[in-house]
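S.K.: Shown below is the structure under consideration.
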Amino acid sequence: MVILSSASLESSINEFLDREVVRLGIEFRLPAPIAFGSVYDPLWFKIKEVHPQIKHPLELLPSAKTVIVFALPLSLEAIRSNVYGDDPSRKWLEEYVIANKVIESVCFRLCIEIRSLGFKCFYIRPTHEFNEISLMSSWSHRHAGYVCGLGTFGINNMLITSKGCAVRLGSVITEVTTEYSSKPTYEYCLVKRGLKCGLCLSMCPINALSRWSSGKYLCYERLVSIGSRYRSVIGEFADACGKCCVGLPCSEKIP
Ligand code: SF4
Ligand code: SF4
């Protein structure tokens, strides 16, 4: 069996990200947290029991061995600019659009590198891969990150990574075999750890998180409305909000 070291894959991902940072002049908080998980991890099946629409990695690439998930930590400037006001800050919206492009470009380059070594590899786009009626997606970067050990879920439904939950995520599925990451040994979210917090719930301007079964539709409506209202300002459809992952003890780090 051919094994590629996770250290070399990590350094490729961070090298690609570093180049993008220099090119764009955005202070993403690199290096990126990265996790490697086996496609045979039993947690994939547990996720499928709860969310049957989410594909198992082997349904996407039957010969796959490894899932790689990385987090692009958004800049302090974007995070802190988005704390106040009902609408998202311009900086947050701009960075959301750019971060998605950076992630896609890094996944693309990583796949080229892996394919050049003779392994199959593909990536899932960072966003807009869901059904607009059911709001269900056939892949969840957050759940993939959870299985691979990148972080744990907060009660805001975000993945809290070593650089907090104010991140964008990318996933790559490949035939490469590598060393797998160890998993978090405790819940990162304060409430899930039995401590006082819940600040994320009060950050949502439409109170969507406290009643998520109906709130998720309200959240989506808000994102679409923001995308439309700010299209001329941002120059692209930035369907983002992010109020529930800024100004929190878990925004930039593990609390
Ligand atoms: S703000 Fe507090 S309760 Fe909400 S996800 Fe973060 S740590 Fe958990
Ligand atoms: S993205 Fe915005 S609207 Fe949706 S849950 Fe978070 S704060 Fe609320």
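S.K.: Looking at (1) exposed (fewer than 14 other Cβ atoms within 10 Å of the Cβ); (2) small (Gly, Ala, Ser); (3) in a helix (DSSP H, G or I), find the lone condition where SER63 falls short.
M.R.: (3)
S.K.: Here's a follow-up. For the stretch 216-245, give me each residue that is within 15 Å of ligand 1 (Cβ to nearest atom) and farther than 13 Å from ASP87 by Cβ.
M.R.: Pass one, the stretch 216-245, residues within 15 Å of ligand 1 (Cβ to nearest atom): 242-245.
The answer is CYS244, CYS245.
One line per residue, one yes/no per condition, for (1) touching a Gly at 6+ places or on another chain (Cβ under 6 Å); (2) part of a strand (DSSP E or B); (3) closer than 28 Å to LEU17 by Cα; (4) of a type in the set (D, E, K, R):
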| position | (1), (2), (3), (4) |
| --- | --- |
| LYS46 | no, no, no, yes |
| GLU49 | no, no, no, yes |
| GLU77 | no, no, yes, yes |
| GLY85 | no, no, no, no |
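S.K.: Can you name the condition, by its number, that ILE173 falls short on among (1) touching a strand residue (DSSP E or B) at 6+ places or on another chain (Cβ under 9 Å); (2) at pLDDT 95 or above; (3) within 16 Å of ligand 2 (Cβ to nearest atom)?
M.R.: It is condition (3) that ILE173 fails.
S.K.: Would you list the strands (runs of 3 or more DSSP E) that sit entirely within the stretch 101-212 and hold 1 or more residues that are surrounded by fewer than 22 Cβ atoms within 10 Å (Cβ to Cβ) and within 16 Å of ligand 1 (Cβ to nearest atom)?
M.R.: On the way: elements: 121-124, 151-153, 159-161, 167-174.
Counting at least 1 such residues, we get 151-153.
S.K.: If I ask for residues that are without any contact (Cβ under 8 Å) to a residue 60 or more places away in the chain and open to solvent by less than 60 Å² (accessible area, probe 1.4 Å), which ones from the stretch 219-234 would you list?
M.R.: CYS219, ARG222, LEU223, VAL224, SER225, GLY227
The values are calculated or read from the model by the stated rules, or taken from the named source; none is laboratory data. Given the structure is predicted, the values throughout are model-derived calculations rather than measurements. Glycine also receives a Cβ, built like all others from the backbone with ideal geometry; neighbour counts cover every protein chain displayed. Only protein heavy atoms, including side chains, enter the accessible area calculation; ligands, DNA and RNA are left aside. Shrake-Rupley method; radii C 1.70, N 1.55, O 1.52, S 1.80 Å.
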